[in-house]
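Worksheet: the structure to be examined is printed underneath.
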Amino acid sequence: MLIGIDLGTTNSLAACYRDGKAELIPNRLGKFLTPSVVAVDENGLLLVGEPAKEYAILHPLDAAKVFKRSMGTDRVYTLGLQKMRAEELSGVVLRSLKEDAEEYLGCPVDEAIISVPAYFNEFQRKATQQAGEIAGLKVLRIINEPTAAALAYGIGDGDRDERCLVFDLGGGTFDVSILEFYKSIVEVHAVAGDNFLGGEDFTSVLAELFLKKHVIAPESLDIKTMNRVMKAAEQCKCRFADAHESTMSVTVDDTLLESTITLDEYEFACQTLLGRIRKVLERSIRDANLKLNEIDRIVLVGGATRLPIVRKFVIKLFGRFPGTLDPDTAVAVGAALQCGIKTRDKEIREIVLTDVCPFTLGTEISMSNGVFEESDHYLPIIERNTVIPVSKTETVYTAYDKQTRVRVKILQGESRIASNNLSLGEIIVPVPEGPKGQEAVDITYTYDVNSLLEVIVKVLSTGVSRKVVVQGGKQKLSDEEVQERFEKLNYLKQNPRDDEENRLLLLRGERLYEESTSRDRQVIDESLMQFEQVLKSRGRAEIERARKRLSEILDKIEEY
Ligand code: AMP
C-alpha cells in the first residue's frame, strides 16, 4: 500500500487515497499529528512523537527536535547512548507513521510519497528518500510541500492556467512559494522565506504584552515560570481563532495574574512581525516577476495561519480571501492525492526552479555597535533566489590591531546572526600585522548549476589566496549505510505501541510535578504511584479507568 506523508519540522502526518478520496491516518494515540520528536529514555527505549515531546521537556539533552533542518548534513545528534543523523531520526518518525498506517489500514504499507519544502536541494531530497528507506519505505516520489498544498485545494484541476501563492507559516518558519499550474505541469517560480519567523514569535509577543501589563520584566522570571507564561500565551493565542478577546492567566510567585487582551491590542503589538511577513511576500512576488494582482489563488498552510491577525493581513494585502482547508493537514492531503494520481498511472510533472540558489550564502563579520566590535554578524554574499551560475565578491577588513590571520566562515542561511546559519566550512589566510582596518581581503563566492560553491579568499596587499569547493551534500549516506541504519532501527527497542498512552501520561505527570509546588506535587506524586501500581498488577479495563482518572487530575492541575 502507498501512503502520502507530510514529514514536517514540528509535526508529521500520513494520509492515504481510498475510495476516491484522500483520508487522514490517525496515529496510535488517535491523533492525526505526530510531533517530529525522537528521544531515548533512561532505559535506552526509543520514544517517538508525543511521548518523546513530553520527555524532551525534562530531558532536553536526550531528545532531538527540528532535525528536518539538518537533513543532508553530517550533524550527529546524541540521544542517550545513541548517535543519530537527521536521516535516521526522520526514519524513526516515518517508521512510526508507517506502523500506525498499517494498524489503521489493516495491511502492509511499504511505499510512500513524501513532501519536502520547495527550497530543499538535491541532497536534502535524497536524504529524505533515504530516511524513508531506513524506515522500510520505498519512496516513490518526493513532492514539494507547496505543490501538495495546492493540490489539496484542487488547484490545477481545470484546464486554466493558474498562479498560486502558497503562504506557509508554521511554528518557527515562514515559507512562500509561487507556483504556476498549467494542465498537469507545475512550475515553481519563486521561493522565499524567513527561517526564524513563525507562530512561536506571535506567542512571544502575547507573552510580552501580558508581562508588560503586570509590569514584570521577562528577565526577572526563572525558566520554569517563563515556560508557564509561554504556555498560557500559546493557549490564549489559539483562543483568538474564534473570539475577539482572550484571557490569559498565570501564577507567578504564588499569585494568580490575569489579563484580558483584545484582538486589536494584540494586532497592534504584532506590527513588526507582520512587517517581516510583508517583506518576504514582496520579495517572492518580485523574484517571480509578477504583480500582486497576477496571483490567482492564495493557499494558507501551517498552524499559525489560523491566527485571525495573519488572515486579515493576507486578505488586506491581496484583496481576496484565501482558501479555508485545515492548514495543518493540507500538505498530507495533497501528498495522498498525489498517491491517487500515481496509482491511476498519471503523473503531475513538477518543474522545480533549479536555476536559482535556494539559500543565501555569506560569511561572518564583526561590526561596531558604537562602543565595541561585535562579532557574529552575517554578511550575505550571494542572496537567496539569485539566478545561477553567479559570482560575487565582497571585501572585508581586519577587525583589530595586530591581526595576523583572517578566518572566513562559509555560511548558508537567512539569519542576521551568523552562528544561526549553517556552517559549510572555513578558510584561514595570513595577513601582515598592522592597525585595524588596514588589510583588505576579497571574498569571492561562485555558485554553479551543479550546486557547487567555490570560495576564493584573497589578501589584496600580498596577493596570497586560498580556495575551497563546497559541495552542498557530500555527506550523503551510501546504500550500505542506509541498509545498516535500517537494521539498527530494527533492533533498537521501542516503547511498546499499546503502552504509549500510559507512558505519555506518566511523563506528563513527571513534568507537572517539576513545574508545580507543594500541594499539587503531593497530589501528583500519589496519583502517579497509584497509577504505576495499577499498571503493574491490573487488567486492561482497570488500567483504562485509572488512566482516565489520572488524566483528569493532571488536566485540572495543568489548567490552573
Ligand atoms: P505547524 O508548524 O504548522 O504545526 O504550526 C505550529 C504553529 O501554529 C504554532 O506556533 C501554534 O501556536 C500555531 N497554531 C496552531 N493552532 C493555532 C490557532 N488556533 N491559532 C493560532 N495559532 C495556532
- Query: Among the residues of segment 223-247 satisfying the criterion of being among the aliphatic types (A, V, I, L, M) and farther than 21 Å from R511 by Cβ, which is nearest to the ligand (Cβ to nearest atom)?
  - Reply: A241
- Quick one: would you say S12 is touching a residue at least 60 places away in the same chain (Cβ under 8 Å) and either within 16 Å of the ligand (Cβ to nearest atom) or open to solvent by 10 Å² or more (accessible area, probe 1.4 Å) (or both)? yes
- Task: Go through segment 108-165 and count every residue that is open to solvent by 10 Å² or more (accessible area, probe 1.4 Å), of a type in the set (A, V, I, L, M, F, W, C), in contact with a strand residue (DSSP E or B) (Cβ under 8 Å, 6 or more places away or on another chain) and farther than 27 Å from I277 by Cβ.
- Result: 3
- Query: Which of the residues belonging to segment 199-220 are away from the ligand (no atom under 16 Å from the Cβ) and either open to solvent by 30 Å² or more (accessible area, probe 1.4 Å) or within 20 Å of the chain's Cα centre (by Cα) (or both)?
  - Reply: K212, K213, H214, V215, I216, A217, P218, E219, S220
- Message: Kindly evaluate R311 against the criterion of being in contact (Cβ under 8 Å) with a residue 24 or more places away in the chain, open to solvent by 30 Å² or more (accessible area, probe 1.4 Å) and either assigned to a helix (DSSP H, G or I) or away from the ligand (no atom under 16 Å from the Cβ) (or both).
- Response: no
- Within segment 254-304, how many residues turn out to be hydrophobic (A, V, I, L, M, F, W, C), crowded, with 17+ Cβ neighbours inside 10 Å and touching a strand residue (DSSP E or B) at 6+ places or on another chain (Cβ under 8 Å)? 14
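Might you let me know whether segment 426-449 holds any residue that is under 23 Å from R85 (Cα atoms) and without any contact (Cβ under 8 Å) to a residue 60 or more places away in the chain?
Within segment 426-449, one or more residues are under 23 Å from R85 (Cα atoms) and without any contact (Cβ under 8 Å) to a residue 60 or more places away in the chain.
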- Query: Any residue in segment 319-337 that is over 20 Å from L151 (Cα atoms) and either within 14 Å of the ligand (Cβ to nearest atom) or assigned by TED's automatic domain parsing to the domain that holds F202 (or both)?
  - Reply: yes
- Message: Can you tell me which residue is most open to solvent (accessible area, probe 1.4 Å) among those in segment 314-332 that are over 16 Å from G171 (Cα atoms) and in a helix (DSSP H, G or I)?
- Response: K316
- Within segment 470-496, restricting attention to residues that are loosely packed, with under 13 Cβ neighbours inside 10 Å and of a type outside the set (G, A, S), which residue is modelled with the lowest pLDDT? K474
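Name the residue that is farthest from G44 (Cα to Cα), counting only residues in segment 79-107 that are open to solvent by less than 20 Å² (accessible area, probe 1.4 Å), hydrophobic (A, V, I, L, M, F, W, C) and assigned to a helix (DSSP H, G or I).
If we take residues in segment 79-107 being open to solvent by less than 20 Å² (accessible area, probe 1.4 Å), hydrophobic (A, V, I, L, M, F, W, C) and assigned to a helix (DSSP H, G or I), then A101 is farthest from G44 (Cα to Cα).
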- Message: within 16 Å of the ligand (Cβ to nearest atom) and under 19 Å from F181 (Cα atoms): which single residue out of L300, L274 fits that description?
- Response: L300
- Item | Those residues of segment 2-34 which are part of a loop (DSSP other than H, G, I, E, B) and in contact with a Leu (Cβ under 6 Å, 6 or more places away or on another chain), in sequence order | F32, L33
- Item | Residue list for segment 521-560, filter: free of Cβ contacts under 8 Å to residues at least 60 places away in the same chain and assigned to a loop (DSSP other than H, G, I, E, B) | R538, G539
- Message: Every residue in segment 35-66 that is within 14 Å of the ligand (Cβ to nearest atom), within 25 Å of G413 (Cβ to Cβ) and outside any strand (DSSP E or B), please.
- Response: S36, V37, K65, V66
- Message: For the list (1) farther than 20 Å from T363 by Cα; (2) out of contact with any helix residue (DSSP H, G or I) (no Cβ under 9 Å at 6 or more places or on another chain), I need the number of the one condition that V468 fails.
- Response: (1)
- Query: Considering segment 172-198 alone, what residues qualify as being open to solvent by less than 20 Å² (accessible area, probe 1.4 Å), farther than 15 Å from V116 by Cα and within 16 Å of the ligand (Cβ to nearest atom)?
  - Reply: L197, G198
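Somewhere in segment 530-537, is a residue of a type in the set (V, I, T), under 24 Å from H59 (Cβ atoms) and not assigned by TED's automatic domain parsing to the domain that holds L81?
No, that holds for no residue.
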- Item | Flag for S415 being open to solvent by 60 Å² or more (accessible area, probe 1.4 Å), in contact with a strand residue (DSSP E or B) (Cβ under 8 Å, 6 or more places away or on another chain) and at pLDDT below 95 | no
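The values are calculated or read from the model by the stated rules, or taken from the named source; none is laboratory data. What you are looking at is a predicted structure, and each value in this text was computed from that prediction instead of being measured. A quick note on method: Cβ atoms are made from the backbone with ideal geometry, for glycine too, and the neighbour counts reach across all protein chains shown. Heavy atoms of the whole protein, side chains included, go into the accessibility calculation; ligands, DNA and RNA do not. Shrake-Rupley method; radii C 1.70, N 1.55, O 1.52, S 1.80 Å.
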